[in-house]
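To start, the structure itself, in structure tokens.
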There are 2 protein chains.
Amino acid sequence: MSTPKLEKLSFTLQATDGYARAGIVHTPHGDIHTPIFMPVGTRSALKWLTTDQIRDIGAEIMLVNNYHSYLRPGTEVIESFGGLHNFMDIDFPILTDSGGFQVFSLGLGMQNDSWEKLAKVTEEWVYFRSYLDGSKHFFTPESVMDMQCAFGADIIMAFDECAPGGSSKEYAHAAMERTHRWAERSKAEWLANEEKRREKWLYPQALFGIIQWVVYDDLRVESAEFIKNLDTPGVAIGGLSVGESKEDMYRIMDVLAPHLPKSKPHYLMWVGTPEDLVEGMYRGIDMFDCVLATRIGRHGEAFSSYGNIKIWGEKYKFSQDKIPMLPEHETSVSRRYSLAYLRHLVNVWEATGGLLLSLHNIEYLLNLTKTARVAILAGKYDEFRERFWSVYPGRIG
Amino acid sequence: MSTPKLEKLSFTLQATDGYARAGIVHTPHGDIHTPIFMPVGTRSALKWLTTDQIRDIGAEIMLVNNYHSYLRPGTEVIESFGGLHNFMDIDFPILTDSGGFQVFSLGLGMQNDSWEKLAKVTEEWVYFRSYLDGSKHFFTPESVMDMQCAFGADIIMAFDECAPGGSSKEYAHAAMERTHRWAERSKAEWLANEEKRREKWLYPQALFGIIQWVVYDDLRVESAEFIKNLDTPGVAIGGLSVGESKEDMYRIMDVLAPHLPKSKPHYLMWVGTPEDLVEGMYRGIDMFDCVLATRIGRHGEAFSSYGNIKIWGEKYKFSQDKIPMLPEHETSVSRRYSLAYLRHLVNVWEATGGLLLSLHNIEYLLNLTKTARVAILAGKYDEFRERFWSVYPGRIG
């Protein structure tokens, strides 16, 4: 069981190189050296992996989904353990998201095909039906803060509305303003909960506000300034990586970079790919998360320094080669296992294959952030970025 | 890649306590301290696990299935790597079975329901159809030895016929005599292959003969004496655990125990359960293997010192208890994770749940053999056995 220090989250900015930053996020469960990739344990577990395995390859924090934890095992179960750290028996930092993304992606996305609307947004609450059994649920900013308080993550997220990438400017503006009001309500509830936590001598949690919205530059800047002024311990950028083009994504990051608070960690949600990490760090992002690494891994696809590899190909049947990597990004899997062996495992649907590829993909993203950190500290991020793109295909950034 | 010592397999008998034995099997890839449980990597991989994970919990040898390796990835792939050790990148001992069990269990078992016989036995060969695609294949004792030579395991098995548990005595007798003739042919081919391996400076392999057959005591004894006289480096007992009752199984082991060669390791195939290990070691068995530990683990069932637990039960929803174990048999999982957390993982079908239970179940069987070994070395096997049965339900032995 964990014995966290009673310290508030703080951020030490160690170095900058252009917009790229190296720092340390100090949390009650330990330090996180940024920039960092955060593996995702959707339902209080990393898919096909143990927490020991991601710790062994250098993970310093993991993400758990509020929405899934709320549905199963349920808030009351995790609360009875005093939070996720004890429930999962891990002693390193956890971040919980707010569940907003799941409410909307698992709800509104099906609206037109359903006999009944699966989600509905009002000023006061969001109504949605469980993706599991159709049961009815309401989330409010306050209820979501209370859940995350019960889950006990070191970093918690404000409740936000995630509108689709193709929203009209009118809707995007209304959703942004609602999300800002929800951010204020989230902050008020978080502060009230912190008072209660202090009375019980529980370690503090840190709220991150979420900058909204989609592809309209002026709204983005307005949202960044609003969230900066809200003065939460960290800021997140939401609403990217939900259908917009890479050009749009990078452009928005360019627009946002000057508006992000320098003294606080910047978290880009649901990103992502090796190239998006490299381009995100270039634009001042400190923290990333995405299920892509494990999702494609489970299906037999590996990140490599030279682009993705579909491991099941017949051409790898006898291959004694390893997953091709730049030397500084080699992983415990790419150093060890032949393509022929990995291909065999994937080909016969042995989960060990997806397990090893999930590990490899996570370790590569971790290695990218760790070597980038070294480069930033040395003032050599441009070299790092050029070396990455010298072998990685499809440069856009 | 592995760099095995060029030593033949040998066996050191360190202590006996009744029929129970403690010893060391010396193999080209390292020593195996017996009695020992061997985890099974059916298709060149442990289901849902890495080889690192079973090494961490004390495994000293693993089993790989000849039949599955022959079909996928195919003998030529593994041979091109110089054997399974290099293909899987492991440096500890491997045992391959002969494939007989799979040929018959996946073949003859379906005979009456099929449009064509899926397997056929003659004096010369066994014909069978692949369980994957119905393609036609022939195994002979010689071809099976050649495959196992290519796979390069430290211990290889003679090719045997596995008749169903309910065979008539007449059929059992004929199958036994055929299996004996196949054992002689297996030995001749193995010795010829060993000559070739020596020329290439490859490490030696050790053949185990297999004692046949089912529930007829006189045939069992006859087979034990035959295999003993065949003088292979080790002996296995086959044909148990294929439908006979536990009473029959233990009685046959009682009958066999005096006929097993004292100077060689005794391997009881496809066994098994905690109680069968305890009763097997009592009757002179040194090595066990079974997929049960991982199969029930993947489906949410845990061995415990007090009998099996079905983890998904609602009664464990809030349980902060661990899997109940005698202190000396606690595992890395039973020391760490609550029943509520394991139940949650199993309940939401997160593979991490089955992974952790597979690890737990294997570690418990390893702990049983390791603590039994300590007891045998101290002349206290009876105490060990009584303590096991003092809490484990359903004593038969």
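The values are calculated or read from the model by the stated rules, or taken from the named source; none is laboratory data. As the structure is a computational prediction, the values presented were derived from the model and not from experiment. Don't worry about glycine lacking a Cβ; one is built from the backbone with ideal geometry, like all the others, and counts go over all protein chains shown.
Is there a residue being among the basic types (Lys, Arg), away from chain B (no Cβ under 11 Å), buried (at least 24 other Cβ atoms within 10 Å of the Cβ) and at negative phi anywhere in region A:359-380?
Looking through region A:359-380, at least one residue is among the basic types (Lys, Arg), away from chain B (no Cβ under 11 Å), buried (at least 24 other Cβ atoms within 10 Å of the Cβ) and at negative phi.
Cβ-Cβ below 6 Å, separation at least six or inter-chain, first residue in region B:79-90 and at the interface with chain A (Cβ under 8 Å from one of its Cβ atoms), second of a type in the set (A, V, I, L, M, F, W, C) and surrounded by fewer than 23 Cβ atoms within 10 Å (Cβ to Cβ): which pairs?
B:Ser80/A:Phe318; B:Phe87/B:Phe81
Give me a count of the residues in region A:306-318 that are within 14 Å of chain B (Cβ to nearest Cβ) and crowded, with 16+ Cβ neighbours inside 10 Å.
So the answer is 5.
Among the residues of region B:324-350 satisfying the criterion of being under 20 Å from B:Lys47 (Cβ atoms) and touching a Leu at 6+ places or on another chain (Cβ under 8 Å), which is farthest from the other protein chains (Cβ to nearest Cβ)?
Within region B:324-350, the match that is farthest from the other protein chains (Cβ to nearest Cβ) is B:Thr331.
For residues that are buried (at least 18 other Cβ atoms within 10 Å of the Cβ) and part of a loop (DSSP other than H, G, I, E, B), tally how many sit in region B:292-302.
Number satisfying all stated conditions: 1.
Residues are listed down the side, and each one gets a yes or a no for (1) part of a helix (DSSP H, G or I); (2) more than 23 Å from the chain's Cα centre (by Cα); (3) closer than 18 Å to A:Asp52 by Cα:
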{"site": "B:Ser304", "(1), (2), (3)": "no, no, no"}
{"site": "B:Arg335", "(1), (2), (3)": "no, yes, yes"}
{"site": "B:Ala340", "(1), (2), (3)": "yes, yes, no"}
{"site": "B:Gly354", "(1), (2), (3)": "yes, no, yes"}
{"site": "B:Leu366", "(1), (2), (3)": "yes, no, no"}
{"site": "B:Gly379", "(1), (2), (3)": "no, yes, no"}
{"site": "B:Gly397", "(1), (2), (3)": "no, no, no"}
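Looking at the structure I just gave you, is B:Ile323 surrounded by fewer than 24 Cβ atoms within 10 Å (Cβ to Cβ) and farther than 30 Å from B:Met157 by Cα?
Taking the combined requirement at face value, the residue does not satisfy it.
In region B:61-78, what count of residues is obtained for those that are of a type in the set (Val, Ile, Thr), touching a residue at least 60 places away in the same chain (Cβ under 8 Å) and within 13 Å of chain A (Cβ to nearest Cβ)?
Qualifying residue count for the region: 3.
Can you tell me how many residues in region B:252-274 are out of contact with any helix residue (DSSP H, G or I) (no Cβ under 8 Å at 6 or more places or on another chain) and surrounded by fewer than 23 Cβ atoms within 10 Å (Cβ to Cβ)?
Selection size over region B:252-274: 5.
Let me spell it out: the conditions are (1) modelled with pLDDT under 95; (2) charged (D, E, K, R); (3) in contact with a helix residue (DSSP H, G or I) (Cβ under 7 Å, 6 or more places away or on another chain), and A:Arg198 meets all of them except one. Which number is the exception?
All conditions pass for A:Arg198, except number (3).
Could you check region B:24-43 and list, in sequence order, the residues that are in contact with a helix residue (DSSP H, G or I) (Cβ under 8 Å, 6 or more places away or on another chain), of a type in the set (Val, Ile, Thr) and more than 9 Å from chain A (Cβ to nearest Cβ)?
Passing the criteria: B:Thr34, B:Ile36, B:Val40.
Inside region A:186-202, can you point out the residues that are surrounded by fewer than 21 Cβ atoms within 10 Å (Cβ to Cβ) and among the aromatic types (Phe, Trp, Tyr)?
A:Trp201
With (1) modelled with pLDDT of 95 or more; (2) in the same structural domain as B:Trp201 (by TED's automatic domain parsing) as the list, and B:Leu71 as the residue in question, which single condition is left unmet?
(1)
Does region A:30-48 hold any residues that are surrounded by 23 or more Cβ atoms within 10 Å (Cβ to Cβ), in contact with a Pro (Cβ under 8 Å, 6 or more places away or on another chain) and touching a residue at least 60 places away in the same chain (Cβ under 8 Å), and which are they?
Of everything in region A:30-48, those that are surrounded by 23 or more Cβ atoms within 10 Å (Cβ to Cβ), in contact with a Pro (Cβ under 8 Å, 6 or more places away or on another chain) and touching a residue at least 60 places away in the same chain (Cβ under 8 Å) turn out to be A:Ile32, A:Thr34, A:Leu46.
Are any residues in region A:44-60 touching a Ser or Thr at 6+ places or on another chain (Cβ under 7 Å) and either away from every other protein chain (no Cβ under 14 Å) or not hydroxyl-bearing (Ser, Thr, Tyr) (or both), and if so, which ones?
A:Ala45, A:Leu46, A:Lys47, A:Trp48, A:Leu49, A:Ile57
Go through the residues of region A:309-330 one by one and say whether even a single one is part of a strand (DSSP E or B) and over 16 Å from A:Leu357 (Cα atoms).
Scanning region A:309-330 turns up no residue that is part of a strand (DSSP E or B) and over 16 Å from A:Leu357 (Cα atoms).
Could you list all residues from region B:157-185 that are surrounded by 21 or more Cβ atoms within 10 Å (Cβ to Cβ) and either in contact (Cβ under 8 Å) with a residue 60 or more places away in the chain or charged (D, E, K, R) (or both)?
B:Met157, B:Ala158, B:Phe159, B:Asp160, B:Glu161, B:Cys162, B:Ala163
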